[in-house]
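Q: Attaching a single structure in structure tokens format; questions to follow.
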Amino acid sequence: MGDTLDAKYWNSRYEENRLGWDIGYPSTPLKSYIEQLEDQSIKILIPGGGNAYEAEYLFQNGFSNTYVVDVAQTAKVNFLKRFSTFPEHQFLVQDFFELKGQFGLILEQTFFCALHPSLRKAYAQKMYELLKPKGKLVGVLFDFPLDSGPPFGGSKTEYLQYFEHYFTIELMESCYNSIPPRKGNELFFRLSK
Ligand SMILES: C[S@@+](CC[C@H](N)C(=O)[O-])C[C@H]1O[C@@H](n2cnc3c(N)ncnc32)[C@H](O)[C@@H]1O
């Protein structure tokens, strides 16, 4: 992991309840995308899922093959306290970059922007490795200039540099249904392997 953004750092954010990114519900762009999914057996990963409201929403809607990976043990403890019927073994506490497995769909939300920008190329490569053939990486990326983060911003032009090498870019456009505080600052994207 880059610089000091390690498990200790993220755990302390959960322990101290300093969760500026946590909106407390499944975000509208991801919820709308989930609502049009048909195959409930699809194996789904939410990396850097944190309090994982989207995983809860998926699971409650019959997508029982949903997994979360997060480096923060406290995020898992909090998630299972809130949503105790979620299978404990499907919330993996480990570094995303060391995760093994194959998924049909990976959902991105405020995980990419939480990583040090030096890891962006590795993120694209790891996503490629974790997706089954024809699998999709879908979600939102911030669309504001890169500054000291997290969150670390970026642009469509920059993001395409990482992803074009591995994926077909089905969509990467201004997000029309962002939650109000993120309006105008997000790109919705859908990539396929
Ligand atoms: C900004 S938070 C976003 C949480 C969640 N996606 C949300 O929207 O509320 C970033 C999350 O990524 C996790 N994280 C950071 N680096 C990670 C890594 N290398 N592997 C797995 N999780 C990581 C953190 O613990 C944190 O929960």
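The values are calculated or read from the model by the stated rules, or taken from the named source; none is laboratory data. Source: prediction; values computed, not measured. Counting neighbours? That spans all protein chains shown, and the Cβs are built from the backbone with ideal geometry, glycine included.
Q: Are any residues in the stretch 1-51 among the small types (Gly, Ala, Ser) and surrounded by 17 or more Cβ atoms within 10 Å (Cβ to Cβ), and if so, which ones?
A: At the first step, the residues of the stretch 1-51 found to be among the small types (Gly, Ala, Ser) are 2, 7, 12, 20, 24, 27, 32, 41, 48-50.
Scanning the stretch 1-51 gives Ser27, Gly48, Gly49, Gly50.
Q: Select the helices (runs of 4 or more DSSP H) contained entirely in the stretch 28-137, then report the ones holding at least 2 residues which are polar (S, T, N, Q) and over 23 Å from Arg182 (Cα atoms). I'd like the intermediate steps shown before the answer.
A: On the way: elements: 28-35, 53-60, 73-82, 120-130.
In the stretch 28-137, 73-82 are the helices (runs of 4 or more DSSP H) which contain 2 or more residues that are polar (S, T, N, Q) and over 23 Å from Arg182 (Cα atoms).
Q: How many residues does the stretch 96-153 hold that are surrounded by 14 or more Cβ atoms within 10 Å (Cβ to Cβ), near the ligand (Cβ under 10 Å from one of its atoms) and of a type in the set (D, E, K, R)?
A: Total satisfying the criteria: 2.
Q: Restricting attention to the stretch 138-155, does a residue exist that is part of a helix (DSSP H, G or I), at pLDDT 95 or above, of a type outside the set (Asp, Glu) and under 16 Å from the mean Cα position of the chain (by Cα)? Before the answer, list the steps.
A: Let us first name the residues in the stretch 138-155 that are part of a helix (DSSP H, G or I), namely none.
No, there is no match, as no residue in the stretch 138-155 is part of a helix (DSSP H, G or I), at pLDDT 95 or above, of a type outside the set (Asp, Glu) and under 16 Å from the mean Cα position of the chain (by Cα).
Q: Right, here's the next one. Among the residues of the stretch 60-76, is any out of contact with any Pro (no Cβ under 8 Å at 6 or more places or on another chain), touching a residue at least 40 places away in the same chain (Cβ under 8 Å) and surrounded by fewer than 17 Cβ atoms within 10 Å (Cβ to Cβ)?
A: Yes, some residue in the stretch 60-76 is out of contact with any Pro (no Cβ under 8 Å at 6 or more places or on another chain), touching a residue at least 40 places away in the same chain (Cβ under 8 Å) and surrounded by fewer than 17 Cβ atoms within 10 Å (Cβ to Cβ).
Q: Take the residues in the stretch 6-27 that are in a helix (DSSP H, G or I) and under 13 Å from Val71 (Cα atoms), then tell me which one is nearest to the ligand (Cβ to nearest atom).
A: Just the residues of the stretch 6-27 that are in a helix (DSSP H, G or I), to begin with: 7-15.
Then drop every residue that is not under 13 Å from Val71 (Cα atoms), which leaves 7-14.
On the way: Ala7: 7, Lys8: 10, Tyr9: 8, Trp10: 3, Asn11: 7, Ser12: 10, Arg13: 7, Tyr14: 7 Å.
Filtering first and then ranking leaves Trp10.
Q: Is it the case that some residue within the stretch 41-48 is at positive phi and not polar (S, T, N, Q)?
A: In the first step, residues of the stretch 41-48 are kept if they are at positive phi; the result is 48.
Filter once more, so that each one left must be not polar (S, T, N, Q): 48.
Taking every residue of the stretch 41-48 in turn, at least one turns out to be at positive phi and not polar (S, T, N, Q).
So that you can scan it fast, the table gives a plain yes or no per residue for (1) of a type outside the set (Asp, Glu); (2) at pLDDT 95 or above; (3) out of contact with any strand residue (DSSP E or B) (no Cβ under 8 Å at 6 or more places or on another chain):
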position	(1), (2), (3)
Ala72	yes, yes, no
Lys76	yes, yes, no
Glu88	no, yes, yes
Phe91	yes, yes, no
Phe96	yes, yes, no
Gln102	yes, yes, no
Ala114	yes, yes, yes
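Q: Now for a different question. Kindly check whether there is at least one residue in the stretch 154-176 that is buried (at least 19 other Cβ atoms within 10 Å of the Cβ), in contact (Cβ under 8 Å) with a residue 24 or more places away in the chain and within 21 Å of Tyr53 (Cβ to Cβ).
A: Yes, some residue in the stretch 154-176 is buried (at least 19 other Cβ atoms within 10 Å of the Cβ), in contact (Cβ under 8 Å) with a residue 24 or more places away in the chain and within 21 Å of Tyr53 (Cβ to Cβ).
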